[in-house]
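Colleague: What follows is a single structure, and I will ask about it in a moment.
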Amino acid sequence: MRTASILAATALVVSSLAAQEHAPPPPGVVGTWDLTLIGGEGRRLPSWLELHWSGDRVLVGQMVGVVGSVRPISRLDFANDTLRWALPPQWEGGSGDFQFVGAFRGDSLAGSLTTSDGRQLAWSAHRAPALARTGPVTWGVPMRLFTGRDVMGWHVVGGENQWKAVGGVLTNTHAGGNLVSDPVFGDFKLHLEFRFPKDGNSGIYLRGRYEAQVEDSVVTSASHEATGGLGAIYGFLIPNQNAARGAGEWQTYDITLVGRMVTVVLNGKEVICRANIPGPTGGALDSDEEKMGPIMLQGDHGPVEYRNIVVTPAK
């Protein structure tokens, strides 16, 4: 019986390897895509899509919508250079799935979308850049982005301006617009201090695309369902320890971003070490990852304070 079991297991392995050798190649659409949805009045809404080939016949993926965290897509249909998939709603209105259809043309995708509440939108996509870096980074001169006296060098997007300088502190008094730096950056080191009230919620968007979470909550396990907690890159990268000090206390971020590689130090503790950010997070300014981008401070959730904001760009 034991010999028979070994022979059966060997036959199964050989059969599996043979099947893999004769499996069809993955379709050309496999990869990572930076999407842009065209909303009302021509507004460009960033999104992100990643496609994988599962086994020898099934296309699966994950996606970040205009808002919210990354969502799994259990199956996509691809035939005759046409890609179709459904995305479940998360924070959006409506009860139906988002229905996507698009035409594949090498390094581009374009098509239409039926939203969860029945609206029709257009969208397009291009392959996401690798953003790979080689060799050591040479750092330039540190730039102080906030003088402590006023908000010169910043502008507001997405709502009413609630930001002002109060006693050397950049203060968002009520839920309103997001504050965006006028200077843009490629690779950089960022130092800043922040403080939020109980149940406070904000975020720091690196290059305006990748949100370092600022909120009165902490994720202590690496559950794949978790979307963040203080110290996270929202929805993608979870901190390896609880380094938070709690609401009402000043806390410190030191973040290094080189290409897609990010290191996050929260209150002197390295909570994310040289990890790749897969793509833009919900609420990003755009999905043009090949471009430099600003620092954006999220202000649409409520009161938050920042100070000592210094960026050291790479040369």
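The values are calculated or read from the model by the stated rules, or taken from the named source; none is laboratory data. In this text the structure is predicted, and so the values were computed from the model without any measurement. Reconstructed Cβ throughout: ideal geometry from the backbone, glycine too, with neighbour counts over all protein chains shown. Areas reflect the complete protein model, heavy atoms only, side chains present, ligands, DNA and RNA absent. Shrake-Rupley method; radii C 1.70, N 1.55, O 1.52, S 1.80 Å.
Colleague: With a Förster radius of 22 Å, plug the Cβ-Cβ distance of TRP250 and ASP182 into 1/(1 + (r/R0)^6) and report the FRET value to the nearest 0.05. Intermediate results must be reported in sequence, preceding the final value.
Modeller: Working: r = 26 Å, r/R0 = 1.16.
About 0.30, to the nearest 0.05.
Colleague: Can you return the aspartates and glutamates within cross-link range of LYS164? Criterion is Cα-Cα under 15 Å, with same-chain partners fewer than 8 residues away left out.
Modeller: ASP150, ASP300, GLU305
Colleague: Quick check: residue separation of ALA103 and MET152 times 0.36 nm, minus the Cα distance between them. What number comes out in nm?
Modeller: 13.2 nm
Colleague: With a 10 Å cut-off between alpha carbons and a GNM built on the chain, which of ARG133, ARG245, ARG75 moves the most?
Modeller: ARG133
Colleague: Tell me, Kirkwood radius of the stretch 138-254 from alpha-carbon pair distances, in Å?
Modeller: Numbers: mean 1/r = 0.0645 Å⁻¹.
Taking every pair of different Cα atoms in the stretch 138-254, averaging 1/r and inverting gives 15.5 Å.
Colleague: If you filter the stretch 154-209 for chymotrypsin sites (Phe, Trp or Tyr not before Pro), then keep DSSP loop positions with at most 12 other Cβ within 10 Å, what is left?
Modeller: Details: sites: TRP154, TRP163, PHE185, PHE188, PHE194, TYR205; in loops: none.
Loop-located and lightly packed - none at all.
Colleague: Could you tell me what percent of the accessible area of the stretch 30-152 is made up of carbon and sulfur, with a 1.4 Å probe and every protein chain present?
Modeller: After summing per-atom areas, the C and S share lands at 53 percent.
Colleague: Please report Rg (one decimal) and Dmax (integer) in Å for the Cα set of the stretch 85-189.
Modeller: Rg then Dmax for the stretch 85-189, in Å: 20.7, 55.
Colleague: Mean separation of Cα pairs under 8 Å and 6+ residues apart, divided by the residue count of the chain: what relative contact order is that in percent? Mind showing how you got there, number by number?
Modeller: On the way: 788 pairs, mean separation 61.1, N = 315.
Worked out over the chain, it gives 19 percent.
Colleague: Here is a further query. Which residue fluctuates the most in the chain, going by a Gaussian network model with Cα springs under 10 Å, if the choices are ARG260, ARG57, ARG71?
Modeller: Comparing ARG260, ARG57, ARG71 in a Gaussian network model of the chain, the most mobile one is ARG57.
Colleague: Then there's this: On a 0 to 90 degree scale, rounded to 10, what angle separates helix 2-21 from the longest Cα axis of the chain?
Modeller: The two axes meet at around 70 degrees.
Colleague: Semi-axes, largest first, in whole Å: what does sqrt of 5 times each Cα gyration tensor eigenvalue give for the chain?
Modeller: 39, 24, 19
Colleague: Rounded to the nearest whole Å², what accessible area per residue is found for the chain with the 1.4 Å probe?
Modeller: 49 Å²
Colleague: Taking K and R as +1 and D and E as -1, what net charge do the other residues with C-beta under 14 Å from the C-beta of PRO46 add up to?
Modeller: Numbers: positive: ARG43, ARG44, ARG207, ARG209, LYS291; negative: ASP34, GLU211, ASP286, ASP288, GLU289, GLU290.
Taking every other residue near PRO46 into account, the sum is -1.
Colleague: State which stretch of the chain is the longest one without any exposed GluC sites (Glu not before Pro), exposure meaning a DSSP loop state and at most 12 other Cβ atoms within 10 Å. Write down the numbers at each step before the final one.
Modeller: Numbers: sites that count: GLU160, GLU225, GLU249, GLU290.
Excluding the exposed sites themselves, the longest stretch runs over 1-159.
Colleague: If contacts are Cα pairs under 8 angstrom and at least 6 residues apart, what is the relative contact order of the stretch 39-152 in percent?
Modeller: Contact order relative to length: 13 percent.
Colleague: Starting from the exponent 0.38 and prefactor 2.2 Å, build the expected Rg for the stretch 212-315 from its residue count and divide its actual Cα Rg by it.
Modeller: 1.06
Colleague: Grab the eigenvalues of the alpha-carbon gyration tensor for the stretch 102-149, scale each by 5, take roots, and send me the semi-axes largest first in whole angstrom.
Modeller: Output for the stretch 102-149: semi-axes of 39, 23, 7 Å.
Colleague: Shifting gears a bit: Considering only the other residues whose Cβ falls under 12 Å of the Cβ of SER181, what net charge follows from Lys and Arg at +1 and Asp and Glu at -1? Show your work: numbers first, answer last.
Modeller: Working: positive: ARG144, ARG207; negative: ASP182.
Net charge around SER181: +1.
Colleague: While we're here: Hey, what do the phi angles of the stretch 125-141 turn into as Karplus ³J(HN,Hα) couplings, whole Hz, using 6.51/-1.76/1.60 and θ = phi - 60°, x for Gly and Pro?
Modeller: After applying 6.51 cos²θ - 1.76 cosθ + 1.60, I find 8, 10, 4, 5, x, 5, 6, 6, 10, 10, x, x, 8, 9, 8, x, 8 Hz.
Colleague: For the chain, what is the calculated [θ] at 222 nm in deg cm²/dmol (nearest 500), taking -39500 (n - 2.57) for each run of four or more DSSP H residues and dividing by its residue count?
Modeller: Taken over the chain, the calculation gives -2000 deg cm²/dmol.
Colleague: Also, quick follow-up: Reachable lysines from LYS269, Cα under 24 Å, same-chain residues fewer than 8 places away excluded?
Modeller: In chain and number order, the partners are LYS189, LYS198.
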